[in-house]
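Following: one structure in structure tokens, then a few remarks.
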Amino acid sequence: MALLEVKDLTLHFKVNEGWVYAVEDVNFTLESGETLGLVGESGCGKTTLGYGISQLLPDNAHVKAGRVIFKGQDILTPSVKKNGTLDAYRPEIRKLRWKEISMIFQGAMNAFNPVQKVGDQIVEAIRTHEKITAQEAEDRVAELYKLVGIPKDRIDNYPHEYSGGMRQRAMIAMALVHNPSLIIADEPTTALDVIMQRRILTEIENIQKKFSMAMIIITHDVSVVANVADKIAVMYAGRIMEYGDVMDVFKRPANPYTKALFGGFPNLKGERKRLASIPGNPPSLVEPPSGCRFHPRCKYAKEICKKEKPPVMTLPSGQLSLCHFAAEVQSGGGA
Ligand SMILES: Nc1ncnc2c1ncn2[C@@H]1O[C@H](COP(=O)(O)OP(=O)(O)O)[C@@H](O)[C@H]1O
Ligand SMILES: [Mg+2]
């Protein structure tokens, strides 16, 4: 049984101008201990998808379709109210969220309360969800600090006394307090320099192995995915364009968007590289393009791409691609 199965998940935001079609028809599975890299340009729906899984969506988000099956149970459907919004206060979900599914938020390293010692904030996080003594909680923080590589004597420091990398490590410690089976890490290293990024990713990998924890790592940095993930989901304008084993997708991309994204990506182990710039801009998700959402920027696009949403194609190499011409694109032809 897979740890997590996301099936046909479709999430829209209600706004003044109508709807933002942020996440459409998303499907993937994740096994225990496995890492999925979720990658795509800014604004394509990565964070929304992460929030959908952990059920932290804002009030204007509506679940239009889909299920989130965690350890064999549909955890989403019972939370969806009649009007499609989420009942954020279901006690089952609150428990699950800390103990089973934990999230490292985008920009979280700046989320510590500046006037409270970092260690105390983590102790508090532990004690709001577990009935243990202050001493036990402090011991747990010391353990976690060791795990994420922060010296013990830093526990009593205030957030401003930490470097960015250290604050990010402390956030990871916070996400680990209850030993979750799944961590959703939203851009966990984006604000850090290359060396600190490498160190933190190594730390995360070690922790993951030790506890056989699964992870969804959300990033717009392709090299992060190449370094840590087993599977990759490439997202564009709310849809998963390509999904499969990292090495299959890196070696033989079968979607024009993936190809464009990897374009000019020099070497997997090399220096961090932002996404290649693709001519044109990502579309507005209030009025997304018809047919294939990538067609206005796609050099392979034909008439059919403007009219029909592509089917999910399964390639002989194993990955899935949302493209009318997936096989031709993969073999390098002009479609
Ligand atoms: N609360 C919200 N209300 C309306 N639109 C939103 C809200 N949150 C995000 N969006 C929109 O949803 C789309 C996806 O956003 P997001 O998931 O944050 O993308 P990413 O994390 O890939 O940068 C964007 O168009 C964004 O503007
Ligand atoms: Mg985001």
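The values are calculated or read from the model by the stated rules, or taken from the named source; none is laboratory data. Everything numeric in this text was worked out from a predicted model, so none of it was measured. Quick reminder, even Gly has a Cβ in these numbers, built from the backbone with ideal geometry, and neighbours come from all protein chains shown.
The table below lists the values:
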{"read-out": "Only listed residue being more than 16 Å from ligand 2 (Cβ to nearest atom) and over 15 Å from residue 3 (Cα atoms), chosen from 94, 67", "value": "94"}
{"read-out": "The stretch 92-119, residues that are buried (at least 17 other Cβ atoms within 10 Å of the Cβ), farther than 15 Å from residue 189 by Cα and modelled with pLDDT of 85 or more", "value": "93, 96, 100, 101, 102, 112, 117, 118, 119"}
{"read-out": "Subset of the stretch 44-63 [within 14 Å of ligand 2 (Cβ to nearest atom) and acidic (Asp, Glu)]", "value": "none"}
{"read-out": "From 224, 228, residue being within 16 Å of ligand 1 (Cβ to nearest atom), surrounded by 19 or more Cβ atoms within 10 Å (Cβ to Cβ) and in the same structural domain as residue 21 (by TED's automatic domain parsing)", "value": "224"}
{"read-out": "The stretch 224-237 residues that are farther than 28 Å from residue 296 by Cβ, paired with ones that are within 15 Å of ligand 2 (Cβ to nearest atom) (beta carbon under 6 Å, 6 or more apart)", "value": "229/37"}
{"read-out": "Filter pass, residue 41 being among the acidic types (Asp, Glu) and away from ligand 2 (no atom under 15 Å from the Cβ)", "value": "no"}
{"read-out": "Cβ pairs under 8 Å, 6+ apart, first in the stretch 43-58 and under 13 Å from residue 79 (Cα atoms), second in a helix (DSSP H, G or I) and near ligand 1 (Cβ under 8 Å from one of its atoms)", "value": "57/48; 57/51"}
{"read-out": "Selection count, the stretch 90-110, where residues are free of Cβ contacts under 8 Å to residues at least 60 places away in the same chain and farther than 17 Å from residue 129 by Cα", "value": "1"}
{"read-out": "Top-ranked residue of the stretch 181-208 - restricted to ones that are small (Gly, Ala, Ser) and within 16 Å of ligand 2 (Cβ to nearest atom), ranked as surrounded by the most Cβ atoms within 10 Å (Cβ to Cβ)", "value": "185"}
{"read-out": "Single match in 14, 7, 71 (criterion: in contact with a strand residue (DSSP E or B) (Cβ under 9 Å, 6 or more places away or on another chain), more than 16 Å from ligand 1 (Cβ to nearest atom) and over 21 Å from residue 185 (Cβ atoms))", "value": "7"}
{"read-out": "Condition broken by residue 33, with the remaining ones in (1) in contact with a Ser or Thr (Cβ under 6 Å, 6 or more places away or on another chain); (2) away from ligand 2 (no atom under 16 Å from the Cβ); (3) part of a strand (DSSP E or B) satisfied", "value": "(3)"}
{"read-out": "Enumeration of residues in the stretch 161-180 that are in a loop (DSSP other than H, G, I, E, B), buried (at least 19 other Cβ atoms within 10 Å of the Cβ) and not aliphatic (A, V, I, L, M)", "value": "180"}
{"read-out": "Candidate set from the stretch 12-30 (those that are more than 16 Å from ligand 2 (Cβ to nearest atom) and among the hydrophobic types (A, V, I, L, M, F, W, C)); member that is surrounded by the fewest Cβ atoms within 10 Å (Cβ to Cβ)", "value": "15"}
{"read-out": "Condition met for residue 54 (within 15 Å of ligand 1 (Cβ to nearest atom) and surrounded by fewer than 16 Cβ atoms within 10 Å (Cβ to Cβ))", "value": "no"}
{"read-out": "Residue count, the stretch 184-217 (criterion: β-branched (Val, Ile, Thr) and in contact with a strand residue (DSSP E or B) (Cβ under 6 Å, 6 or more places away or on another chain))", "value": "3"}
{"read-out": "Odd one out for residue 66, checked against (1) within 12 Å of ligand 1 (Cβ to nearest atom); (2) buried (at least 21 other Cβ atoms within 10 Å of the Cβ); (3) of a type in the set (Gly, Ala, Ser); (4) over 13 Å from the mean Cα position of the chain (by Cα)", "value": "(1)"}
{"read-out": "Residue check, residue 49 under 30 Å from residue 261 (Cα atoms), among the hydrophobic types (A, V, I, L, M, F, W, C), out of contact with any helix residue (DSSP H, G or I) (no Cβ under 7 Å at 6 or more places or on another chain) and in a loop (DSSP other than H, G, I, E, B)", "value": "no"}
{"read-out": "Any chance residue 42 is more than 8 Å from ligand 1 (Cβ to nearest atom) and among the hydroxyl-bearing types (Ser, Thr, Tyr)", "value": "no"}
